[in-house]
Amino acid sequence: MAKLSLDLSSDLEEELKILFKRSAQEVFHEMSKQELNSKSYFNLTEATQWLGISYNTLGMWISDYDLPVVRIAGKKFISKESLISFMQDHEK
């Protein structure tokens, strides 16, 4: 395997570290979005992220507008299909 050795100024080295860190963060963020979009059911936190709303808003929609929630062993889930239907029903 080939090796590459470079003498970098401390400023350039720091800039490269920042660049690599940002690139890794962007890749991680994109992978997280893709994973979220591939799910059929969300926990409540994931549902708020997918919709771009606060946890309190989601709670209000559940209690005031009867947004359907699946409860299993004390955990709550909402289907993506239910969220899409709910949003479409409230379009004006």
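No value in this document is a laboratory result; all are computed from the given coordinates. What you see is a predicted model, and the numbers here were worked out from it, not measured in a lab. FYI the Cβ positions are ideal-geometry reconstructions off the backbone, even for glycines, and counts take in every protein chain you see.
Computed from the C-beta positions of Ser54 and Ser32, the FRET efficiency with R₀ = 30 Å rounds to 0.95. Largest mean-square fluctuation among Ala73, Ala47, Ala24, in a Gaussian network model of the chain whose springs join Cα atoms under 10 Å apart, belongs to Ala73. Across the chain, the mean sequence separation of Cα contacts (distance under 8 Å, 6 or more residues apart), normalised by length, yields a relative contact order of 23 percent.
Rounded to the nearest 500 deg cm²/dmol, what is the calculated helix-only ellipticity per residue at 222 nm for the chain, with -39500 (n - 2.57) per DSSP H run of length n ≥ 4? Each step should come with its number before you reach the end.
Details: 4 runs with 56 residues, N = 92.
It comes out at -19500 deg cm²/dmol, rounded to the nearest 500.
For Leu16 and Ala2, the difference between the fully extended length at 0.36 nm per residue and the C-alpha to C-alpha distance is 3.0 nm.
With springs only between Cα atoms under 10 Å apart, run a GNM on the chain and tell me which of Leu67, Leu16, Leu58 wobbles the most. Its mean-square fluctuation being the largest, the pick is Leu16.
When the chymotrypsin sites (Phe, Trp or Tyr not before Pro) in the chain are filtered for DSSP coil states and for at most 14 other beta-carbon atoms within 10 Å of their beta-carbon, the remaining sites are Tyr65.
Distance from the Cα centroid of region 1-39 to that of region 54-85 is 36 Å (rounded to whole angstrom).
Charge dipole (Cα centre; +1 on Lys/Arg Cβ, -1 on Asp/Glu Cβ; no other charges) of the chain amounts to roughly 420 debye. Can you work out the base-10 log of I(q)/I(0) for the chain at q = 0.16, 0.18, 0.24 1/Å, using the Debye formula on its C-alpha atoms alone? Taking Cα atoms of the chain as identical point scatterers yields -0.74, -0.86, -1.23. With the chain treated as a Gaussian network of Cα nodes joined by springs under 10 Å, which of Ser63, Ser82, Ser40 yields the largest mean-square fluctuation? Maximum fluctuation in the GNM of the chain, among the listed residues, is at Ser63.
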